[in-house]
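Q: This is the structure I want to talk about, given as structure tokens.
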Amino acid sequence: MKAILVAGANGQLGHELARIPCPTGYEVVALDRAALDLTDPAAIAAMVASRDWAAVINGAAYTAVDKAESDVVAAWQVNALAPAAFAQGCAAANIPLVQVSTDYVFAGDKQGAWEVTDPVAPLGVYGASRLGGELAVRTAGVRHAIVRTAWVVSAHGNNFVKTMLRVGATRDTLSVVDDQIGSPTSAADLAQALLTIAVRLAEDADAPTGTFHFSNAGAVSWAGFAREISAQSGVRGGAAAAVVPIPSSDYPTPAKRPSNSLLSHSAIHAAYGIEPRPWQAALSDILDELIGQNA
């Protein structure tokens, strides 16, 4: 059995990677913080060297975007130094590395979807630290795929879908930002894409490497996303609050968010044939798990 090491078992993505079916002959070994301290480069190096891994997927990250503004060292430890340790260890052992990154590496000021070749210009500590992780991987001499994603949601952990359902159960209306657009991403769909890439890298020395984008297909604002969550929840008998659109200026946060988080899928489709499904369909699967099938 070939083993794929996954860091970040506590998170939405790690949870999905641990439970999706693997190709024949493969297994996922997903480690949480208790099993692998991501602030300890020596521990990461030892884990990478502990067995002949087929591939490593680093799905762990410091994702508290606002807290990162005042918790700079911790954000950089997990988002930049940990990827550096994974990359160095994988390069030494000739193990391919799949590193997850984020739309926050961009300034968010572009019209249309961001291509993998567009210039990066993070707006805060979170995006800068994730970009640091990308640079560490790119310069370590490891065979790698960096996969940027955005707006990750699932039936597990803390995310926008669960927040809207929880708050919507106690309020008639929800005020939600309407001037930030993006592509919601099912953690399960992202996990499948990452596993596909990891297995290909493990089996094919000539598999495409570099930077790719993955999210579900389609553009929507946070307010539009909230409306669809309420609509799909309502037909299942769940919370169905009305959504009132507001500008970002009405909801100030310590960290500035990108206005445009849309990600182009052209690179991942060309390299791996991955064609993400619409975000509405992915949301439906999440709500099936959280609430149940359509009433």
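Q: Taking segment 25-71 only, how many residues are over 24 Å from Arg200 (Cβ atoms) and of a type outside the set (Val, Ile, Thr)?
A: 21
Q: Also: Among the residues of segment 223-257, count how many are in contact with a strand residue (DSSP E or B) (Cβ under 6 Å, 6 or more places away or on another chain) and farther than 19 Å from Leu290 by Cβ.
A: So in segment 223-257, the residues in contact with a strand residue (DSSP E or B) (Cβ under 6 Å, 6 or more places away or on another chain) come out as 223, 226-227, 241-244, 246, 248, 251.
Cutting the leftovers down to farther than 19 Å from Leu290 by Cβ gives us 223, 242, 244, 246, 248, 251.
Within segment 223-257, residues that are in contact with a strand residue (DSSP E or B) (Cβ under 6 Å, 6 or more places away or on another chain) and farther than 19 Å from Leu290 by Cβ number 6.
Q: Suppose we filter segment 92-117 for residues that are in contact with a Lys or Arg (Cβ under 9 Å, 6 or more places away or on another chain) and at positive phi; how many remain?
A: Of the residues in segment 92-117, 2 are in contact with a Lys or Arg (Cβ under 9 Å, 6 or more places away or on another chain) and at positive phi.
Listed here are the residues, each with its yes/no results for (1) closer than 23 Å to Trp222 by Cα; (2) in contact with a Cys (Cβ under 9 Å, 6 or more places away or on another chain); (3) surrounded by fewer than 24 Cβ atoms within 10 Å (Cβ to Cβ).
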site: Asp66; (1), (2), (3): yes, no, yes
site: Trp76; (1), (2), (3): no, no, yes
site: Gln88; (1), (2), (3): no, no, yes
site: Ala93; (1), (2), (3): no, no, yes
site: Thr102; (1), (2), (3): yes, no, no
site: Gly124; (1), (2), (3): yes, no, yes
site: Ala155; (1), (2), (3): yes, no, yes
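Q: Tell me the residue from Val243, Val167 that is of a type in the set (Val, Ile, Thr) and loosely packed, with under 15 Cβ neighbours inside 10 Å, please.
A: On the way: Val243 fails: loosely packed, with under 15 Cβ neighbours inside 10 Å.
On inspection, the qualifying residue turns out to be Val167.
Results for (1) modelled with pLDDT of 95 or more; (2) of a type in the set (A, V, I, L, M); (3) more than 24 Å from Gly168 (Cα to Cα), shown as yes or no for each residue.
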site	(1), (2), (3)
Ser261	yes, no, yes
His265	yes, no, yes
Ile268	yes, yes, yes
Glu275	yes, no, yes
Ser284	yes, no, no
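Q: I would also like to ask the following. Quick check on this structure: which one of Ile229, Ile286 is crowded, with 20+ Cβ neighbours inside 10 Å, touching a residue at least 12 places away in the same chain (Cβ under 8 Å), in contact with a Ser or Thr (Cβ under 7 Å, 6 or more places away or on another chain) and in a helix (DSSP H, G or I)? Spell out the reasoning first.
A: Values: Ile229 fails: in contact with a Ser or Thr (Cβ under 7 Å, 6 or more places away or on another chain).
The conditions single out Ile286.
The values are calculated or read from the model by the stated rules, or taken from the named source; none is laboratory data. Because the structure is a prediction, the values reported are computed rather than measured. Cβ atoms come from the backbone with ideal geometry, glycine included; neighbour counts cover every protein chain shown.
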